[in-house]
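To keep things clear, I will list the structure first and then write my remarks on it.
Bear in mind these aren't lab numbers, they're just calculated from the coordinates by the rules spelled out. Bear in mind the structure is a predicted one, so any value in this text is a computation, not a measurement. We place every Cβ from the backbone using ideal geometry, glycine too, and count neighbours over all the protein chains shown.
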Amino acid sequence: MIDLHTHTLFSDGVLLPSELVQRAYHAGYKAIALTDHMDMSNVDFVVPRLVKAARGLSEHSPLAIIPGAEITHVPPELIGGHVEYARNLGARIVVVHGETIAEPVIPGTNRSGIESGADILSHPGLITVEDAALAAEKGVALEITSRKGHGLSNGHVAKVAMMTGASMVINTDAHGPEDLISRAYATVVLRAAGIPEENIETIFANSRRLIEKVGRT
Ligand SMILES: [Zn+2]
Ligand SMILES: [Zn+2]
């Protein structure tokens, strides 16, 4: 399992980075990105700490541990600046918290997240075909999620992604150890989203490719 969207107690997760990483290792993960919620209040506080945790833990773990960020509930006009700032601070996977149907996310967030050049638009809810097409063009991955609530629109996200050629990744959006999943369960979530068998391996490969890309930088 490669999971590119998780939370630690540097936002609203319940575990320290060190325990989340250990739990992920125990759950059979190969790679994990630490992507805490961030806005203008904490991006400069949290990213350097996740960078520090990832660096310190990586030396002692077979897991690939990637410091990241999830730009969350930031006004759409400010998302691009936050993505850039998080990257400059050392975030290597930048997620933008998309327009999930489970929360009142500001309309226009999906579009802005895609235009910002984030790596992943998480739980993009009822994303439009136009926005998915732009994601395909910009190489922004659309997220299929195992998270309750956010996952209600997985079927829609998968449909428009396949219609437009946008790439997909599957993540947990884990906030605690019970949210970590196996690759077998991830496969079930992808099937449940209506994704045909022949596309499932491609989705796992998309996450591997992202890891390889950020590993080189
Ligand atoms: Zn959260
Ligand atoms: Zn999240």
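Before moving on, here are some points about what is shown:
- For the stretch 49-171: rounded, prolate or oblate by the Cα gyration tensor [a/c cutoff 1.5]: prolate
- Selection from ASN110, THR172, VAL43 lying farthest towards where the dipole of the chain points positive, charges on Cβ: THR172
- Computed over the alpha-carbon pairs of the stretch 114-207, the distance histogram in 5 Å steps reads 3, 15, 28, 26, 18, 8, 2, 0 percent, short to long.
- Our estimate of slack between SER58 and GLU103, defined as 0.36 nm per intervening residue step minus the Cα-Cα distance, is 12.8 nm.
- Taking other C-beta atoms within 10 Å as the exposure proxy, MET38, MET163 rank MET163, MET38 from fewest upward.
- Cβ charges +1 (Lys, Arg) and -1 (Asp, Glu), total dipole of the chain, debye: 600 debye
- Each helix, a run of at least 4 DSSP H residues, gives -39500 (n - 2.57); summed and divided by the residues of the chain, these come to -14000 deg cm²/dmol at 222 nm.
- Whole-Å distance, taken between Cα centres, linking the stretch 40-58 and the stretch 141-171: 28 Å
- Put simply, when 123-133, 196-206 are sorted by average Cβ atoms within 10 angstrom per residue, most first, you get 123-133, 196-206.
- Once C-alpha pairs closer than 8 Å and six or more residues apart are averaged by separation and normalised to the residue number of the stretch 8-116, the relative contact order reads 25 percent.
- Per-pair calculated FRET efficiency, R0 = 41 Å: ASN88 and ASN199 via Cβ, rounded to 0.05: 0.75
- Under the shape rule built on the C-alpha gyration tensor, where the axes satisfy a ≥ b ≥ c, the chain is oblate, since a/c reaches at least 1.5 while a/b does not exceed b/c.
- Normalised contact order of the chain, rounded percent, pairs of Cα under 8 Å and 6 or more residues apart: 19 percent
- Between the residues HIS156, ILE93, ALA132, the greatest Cα displacement towards the positive end of the dipole of the stretch 93-212, with unit charges on the Cβ of Lys, Arg, Asp and Glu, is found for HIS156.
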